[in-house]
Amino acid sequence: MENQGSLSRRGRTLEDEFFHRVDQQLADEIRAKMKVEAEKKELEKTCGFHNSQMLDDIVRLGVNTETIVGLSLVPLVRVAWADGIVDTRERAAVLKAAEESNCHADSASYQLLSVWLDASPPTSLFEAWKEYVSALRDSMSAEAYESLRDNLVQRAQDVAASAGGILGIGSISETEKAVLEEVKAAFG
């Protein structure tokens, strides 16, 4: 009988250890899911993207908020400089987009953005942006990538249209249209 009691205790120990490991595994999975959801909410807040699949893909790729701010603002700067100058309305549109992306005046990203609006950034910045966009295409689902493209192109068009024109006629110049096409083409 002693042997059966010992066997029973060892069986309970085995069960306890098994369920402890299962509980720990489930807790780890829940923590990981909560972390992903928090990162998605931060990215959504930062960049204004609302497509869940796109946010899932971005988090999975390890893209952080600083990278996404650059991703979302570089084409806007490029469009603003299309005519060789950044007028006050274009500057305001880019800075508004930055604020909407939670890129605030006291951040290093905002300060860098201000420098880019004062002096045209090197073309290598836009080339790096295009390469990054191309790499994202290979890493994201088609739906998420299209949503990212549509969002960024729309924001760039808003900057281009911000300069105005007369009574809304000719509000986007030919050079701005060419840059917008270049932004669209970067997405393939």
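The values are calculated or read from the model by the stated rules, or taken from the named source; none is laboratory data. What you see is a predicted model; the values in this text were computed from it and never measured. Cβ atoms come from the backbone with ideal geometry, glycine included; neighbour counts cover every protein chain shown.
Considering (1) farther than 27 Å from K177 by Cβ; (2) surrounded by 12 or more Cβ atoms within 10 Å (Cβ to Cβ); (3) at pLDDT 80 or above, say which one S52 fails and leave the rest.
Of (1) farther than 27 Å from K177 by Cβ; (2) surrounded by 12 or more Cβ atoms within 10 Å (Cβ to Cβ); (3) at pLDDT 80 or above, only one is false for S52: (3).
Would you call A163 surrounded by 15 or more Cβ atoms within 10 Å (Cβ to Cβ), closer than 20 Å to D83 by Cβ, touching a residue at least 24 places away in the same chain (Cβ under 8 Å) and under 21 Å from the mean Cα position of the chain (by Cα)?
Values: surrounded by 15 or more Cβ atoms within 10 Å (Cβ to Cβ): yes; closer than 20 Å to D83 by Cβ: yes; touching a residue at least 24 places away in the same chain (Cβ under 8 Å): yes; under 21 Å from the mean Cα position of the chain (by Cα): no.
Spelling it out, it is not the case that A163 is surrounded by 15 or more Cβ atoms within 10 Å (Cβ to Cβ), closer than 20 Å to D83 by Cβ, touching a residue at least 24 places away in the same chain (Cβ under 8 Å) and under 21 Å from the mean Cα position of the chain (by Cα).
If G70 satisfies all but one of (1) touching a helix residue (DSSP H, G or I) at 6+ places or on another chain (Cβ under 7 Å); (2) buried (at least 16 other Cβ atoms within 10 Å of the Cβ); (3) in a helix (DSSP H, G or I), what's the number of the condition it fails?
The failed condition is (1).
Being within 14 Å of the chain's Cα centre (by Cα), in a helix (DSSP H, G or I), over 21 Å from K177 (Cβ atoms) and not polar (S, T, N, Q): is that true of D138 here?
Values: within 14 Å of the chain's Cα centre (by Cα): no; in a helix (DSSP H, G or I): yes; over 21 Å from K177 (Cβ atoms): yes; not polar (S, T, N, Q): yes.
For D138, the condition - within 14 Å of the chain's Cα centre (by Cα), in a helix (DSSP H, G or I), over 21 Å from K177 (Cβ atoms) and not polar (S, T, N, Q) - is not met.
Go over the candidates L180, L113, L117, L152 one by one and state the one that is more than 17 Å from the chain's Cα centre (by Cα), of a type outside the set (D, E) and under 12 Å from L73 (Cβ atoms).
Numbers: L180 fails: under 12 Å from L73 (Cβ atoms); L113 fails: more than 17 Å from the chain's Cα centre (by Cα); L152 fails: more than 17 Å from the chain's Cα centre (by Cα).
Selected residue: L117, the only one of L180, L113, L117, L152 that is more than 17 Å from the chain's Cα centre (by Cα), of a type outside the set (D, E) and under 12 Å from L73 (Cβ atoms).
If you go through segment 170-185, how many residues are farther than 23 Å from Y132 by Cα and either of a type in the set (A, V, I, L, M) or without any contact (Cβ under 8 Å) to a residue 40 or more places away in the chain (or both)?
Keep residues of segment 170-185 that are farther than 23 Å from Y132 by Cα, which gives 170-175.
The next check asks that each one be either of a type in the set (A, V, I, L, M) or without any contact (Cβ under 8 Å) to a residue 40 or more places away in the chain (or both); those that pass are 170-172, 174.
Of the residues in segment 170-185, 4 are farther than 23 Å from Y132 by Cα and either of a type in the set (A, V, I, L, M) or without any contact (Cβ under 8 Å) to a residue 40 or more places away in the chain (or both).
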